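Written out below as structure tokens is the structure these notes cover.
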Amino acid sequence: RQTATVAVTVSNSTPTATATAKKTATVRAYQNVRIYGGDGIKLLRSLPSGSVSTVLITFPDPFPNAGDEDCRIVQNETLVDIERVLNPKTGVFLLATDAVCFDDWTRFLLNQSNSVKWSKLCDRGAATTDGCRLWEEVAPRSRDEWLPVVSKYEEKGIQEGRQTHLQCWKLCERGTN
């Protein structure tokens, strides 16, 4: 049996960020971790369709100022890439943030994505929604399973009185037949 590789992308590839990624791998006792320093979107776009069980984004820069929303890592294009690489049966998208604006932004984009998909079906006069994959927010798995360490960003947020928001989304096929 072949063991899947766990890829950890460190977009903020400072020595501290890389050390935190290595600490995460050590805490979970993974033997199959590869750490990529740099742009996680480039890695995401290079992955084969349906090849990933989990996409995890933790404490991204929220770009909280009005007008900076287009700088956030989660965009419609990113969601298309995440949807493409996720395993269609078991894949999940997990997000951890302490920025309410980013938490709201992500929910807005995922729900908007569903609305656009439904509109396209209606515009085509589709008699069925079979095969339409919609995002569904589900209860996150135990944090110990997917985020066993506290990053310096989360720690700073806790010290400043911010609450960590966790989201878990999966793709569900919808059909009327």
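The one condition from (1) in a loop (DSSP other than H, G, I, E, B); (2) without any contact (Cβ under 8 Å) to a residue 60 or more places away in the chain that residue 57 does not meet is (1). Considering only residues that are open to solvent by 20 Å² or more (accessible area, probe 1.4 Å) and closer than 25 Å to residue 133 by Cβ, which ones fall in the range 70-80? Once the filter is applied, which keeps residues that are open to solvent by 20 Å² or more (accessible area, probe 1.4 Å) and closer than 25 Å to residue 133 by Cβ, the range 70-80 yields 73, 75, 76, 77, 80.
The set of residues in the range 151-167 being loosely packed, with under 14 Cβ neighbours inside 10 Å, not in a helix (DSSP H, G or I) and not acidic (Asp, Glu) consists of 161, 163. Counting only residues that are in contact with a Lys or Arg (Cβ under 9 Å, 6 or more places away or on another chain) and open to solvent by less than 60 Å² (accessible area, probe 1.4 Å), which one in the range 60-69 is nearest to residue 93 (Cα to Cα)? Looking at the filtered set, the residue picked out is 60. In the set 95, 134, only one residue is at pLDDT 90 or above and either surrounded by 12 or more Cβ atoms within 10 Å (Cβ to Cβ) or part of a helix (DSSP H, G or I) (or both); that residue is 95. Residue count for the range 158-173 satisfying the condition of being modelled with pLDDT of 90 or more and under 23 Å from residue 108 (Cα atoms): 9.
The values are calculated or read from the model by the stated rules, or taken from the named source; none is laboratory data. These numbers come from a predicted model, not from an experiment. For neighbour counting, all protein chains shown are included, and Cβ atoms are generated from backbone atoms with ideal geometry for every residue, glycine included. Accessible surface is based on the protein model in full, side chains and every heavy atom, while ligands, DNA and RNA are left aside. Shrake-Rupley method; radii C 1.70, N 1.55, O 1.52, S 1.80 Å.
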